[in-house]
Amino acid sequence: MNGGRAGAPEVVDARGLRCPLPVVRLAARARDLPAGTLVTVLATDPAARHDVPAWARMRGHATAGERRVVPDDGDPAHWELTVRLGPASRADDDGRPPR
């Protein structure tokens, strides 16, 4: 745990994973965290730029930041997508849209 509320965000490293796995991993991590926590998803899949904010909106959370990172060490570029968790989700928080 990174102490997402008072310090650095919690981090979900989903680099190398394709849709829907970045959101599935985010949902699994968010389930155990209190409202107000910042969670940052690291993702190489460009679809995550749209999927993470959509998941946040559907679950009552807020998008808190987006940044493209291009490492100098030759690692692939990735996105850092940060969400501030809101109150308990309105549906099963497994990454799937509510029914």
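Restricted to region 63-77, and to residues there that are over 12 Å from THR40 (Cα atoms) and among the charged types (D, E, K, R), the residue that is nearest to the chain's Cα centre (by Cα) is ARG68. If we scan region 49-61, do we find a residue that is surrounded by 13 or more Cβ atoms within 10 Å (Cβ to Cβ), at pLDDT 95 or above and touching a Gly at 6+ places or on another chain (Cβ under 6 Å)? Within region 49-61, one or more residues are surrounded by 13 or more Cβ atoms within 10 Å (Cβ to Cβ), at pLDDT 95 or above and touching a Gly at 6+ places or on another chain (Cβ under 6 Å). Per the conditions (1) farther than 18 Å from TRP79 by Cα; (2) surrounded by fewer than 18 Cβ atoms within 10 Å (Cβ to Cβ); (3) in contact with a His (Cβ under 9 Å, 6 or more places away or on another chain), the sole criterion not satisfied by THR44 is (1). Filtering region 75-87 to residues that are farther than 17 Å from ARG49 by Cβ and either without any contact (Cβ under 8 Å) to a residue 40 or more places away in the chain or surrounded by fewer than 18 Cβ atoms within 10 Å (Cβ to Cβ) (or both) leaves ASP75, GLY86, PRO87. Condition test on ASP72, is it of a type outside the set (A, V, I, L, M), free of Cβ contacts under 8 Å to residues at least 60 places away in the same chain and in a loop (DSSP other than H, G, I, E, B)? In short, yes. Against the conditions (1) modelled with pLDDT of 95 or more; (2) touching a Ser or Thr at 6+ places or on another chain (Cβ under 9 Å), PRO46 satisfies every one except (2). Selection of region 46-69 for residues being touching a residue at least 12 places away in the same chain (Cβ under 8 Å) and either in a helix (DSSP H, G or I) or in contact with a helix residue (DSSP H, G or I) (Cβ under 6 Å, 6 or more places away or on another chain) (or both) yields ALA48, ARG49, ASP51, VAL52, PRO53, TRP55, ALA56, MET58, ARG59, THR63. Which of the residues that make up region 21-40 are in contact with a strand residue (DSSP E or B) (Cβ under 7 Å, 6 or more places away or on another chain), in a loop (DSSP other than H, G, I, E, B) and among the aliphatic types (A, V, I, L, M)? Selection gives LEU33 alone.
Entry remark, region 1-16: residues being modelled with pLDDT of 95 or more, of a type in the set (D, E, K, R) and not in a strand (DSSP E or B) number 1 in total.
The values are calculated or read from the model by the stated rules, or taken from the named source; none is laboratory data. These numbers come from a predicted model, not from an experiment. Positions of Cβ are backbone-derived with ideal geometry, glycine not excepted, and every protein chain shown enters the neighbour counts.
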